[in-house]
Amino acid sequence: PLPEVYAQLVYDQLVELDVLDRVIIQSFDPSTLIAMRELDPGISLAMLVYEESQTVERMTDILGFTPDIWSPNYSLVTPLLVDKAQQQGMELIPWTVNNRSQMVRLLEMGVDGIITDYPNRAP
């Protein structure tokens, strides 16, 4: 469905389940996040990023707002990116970090959290 329709369907389910205060909506598609923001400006949103050309500046310009979380592929994370996101008031939470040494490296850079398939590997 169109982003507005999809966002409404998801939002209605979250309201019905009474979990709005416990969810973060994350998407690679800025249109979906924009539609969700229009439905509920208070819902937590995460911009998923998969390539270097999706800079903080470019994507926040497209969104028209600053999301709560900047969530790039872990391979894109640098200390400069961590600082830039956090200075703009976003948490930086990379995905999908499954190697313990990569987890340690990212945490040392100052990321706010990590997305992993193996939480038992986290330091």
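Could you check, for the stretch 79-91, whether at least one of its residues is open to solvent by less than 20 Å² (accessible area, probe 1.4 Å), closer than 20 Å to residue 106 by Cβ and free of Cβ contacts under 8 Å to residues at least 24 places away in the same chain?
Checked the stretch 79-91: no residue is open to solvent by less than 20 Å² (accessible area, probe 1.4 Å), closer than 20 Å to residue 106 by Cβ and free of Cβ contacts under 8 Å to residues at least 24 places away in the same chain.
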remark   = Exception for residue 106 within (1) open to solvent by less than 30 Å² (accessible area, probe 1.4 Å); (2) within 13 Å of the chain's Cα centre (by Cα); (3) farther than 26 Å from residue 21 by Cα falls at (2)
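If we keep just the residues of the stretch 64-74 that are closer than 23 Å to residue 116 by Cα and in a loop (DSSP other than H, G, I, E, B), which is most open to solvent (accessible area, probe 1.4 Å)? Spell out the reasoning first.
As a first pass, look at the stretch 64-74 and keep what is closer than 23 Å to residue 116 by Cα: 67-74.
Next, only the ones that are in a loop (DSSP other than H, G, I, E, B) stay: 67-68.
Numbers: 67: 3, 68: 65 Å².
Taking the candidates together, the pick is 68.
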task = Would you check which residues across the stretch 104-123 are in contact with a helix residue (DSSP H, G or I) (Cβ under 7 Å, 6 or more places away or on another chain), among the hydrophobic types (A, V, I, L, M, F, W, C) and not in a loop (DSSP other than H, G, I, E, B) and list them?
result = 106, 109
request  = Report, ordered by the first and then the second residue, all pairs with beta carbons closer than 8 Å, sequence separation of six or more or different chains, a first member in the stretch 5-28 that is over 17 Å from residue 46 (Cα atoms), and a second member that is not in a helix (DSSP H, G or I).
outcome  = 9/1
query = Within the stretch 75-89, can one find any residue that is under 26 Å from residue 21 (Cα atoms) and assigned to a loop (DSSP other than H, G, I, E, B)?
reply = yes
ask   = Would you pick out the residues in the stretch 12-23 that are surrounded by 12 or more Cβ atoms within 10 Å (Cβ to Cβ) and more than 23 Å from residue 115 (Cα to Cα)?
value = 15
query = Which condition number in (1) open to solvent by less than 80 Å² (accessible area, probe 1.4 Å); (2) under 19 Å from residue 112 (Cα atoms); (3) among the polar types (S, T, N, Q); (4) not in a helix (DSSP H, G or I) is the one that residue 26 fails?
reply = (1)
query = Looking at the stretch 38-48, which of the residues that are in a strand (DSSP E or B) and of a type in the set (A, V, I, L, M) is most open to solvent (accessible area, probe 1.4 Å)?
reply = 48
task = With respect to residue 35, determine if the residue is within 20 Å of residue 110 (Cα to Cα), among the small types (Gly, Ala, Ser) and open to solvent by less than 80 Å² (accessible area, probe 1.4 Å).
result = no
task = Looking only at the stretch 46-57, decide whether some residue is under 11 Å from the mean Cα position of the chain (by Cα), of a type in the set (D, E, K, R) and within 24 Å of residue 108 (Cβ to Cβ).
result = no
ask   = Checking residue 61 against (1) open to solvent by 70 Å² or more (accessible area, probe 1.4 Å); (2) in contact with an Asp or Glu (Cβ under 9 Å, 6 or more places away or on another chain), which single condition isn't satisfied?
value = (2)
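The values are calculated or read from the model by the stated rules, or taken from the named source; none is laboratory data. What you see is a predicted model; the values in this text were computed from it and never measured. Cβ sites come from the backbone with ideal geometry, for glycine too, and all protein chains shown count toward neighbours. Heavy atoms of the whole protein, side chains included, go into the accessibility calculation; ligands, DNA and RNA do not. Shrake-Rupley method; radii C 1.70, N 1.55, O 1.52, S 1.80 Å.
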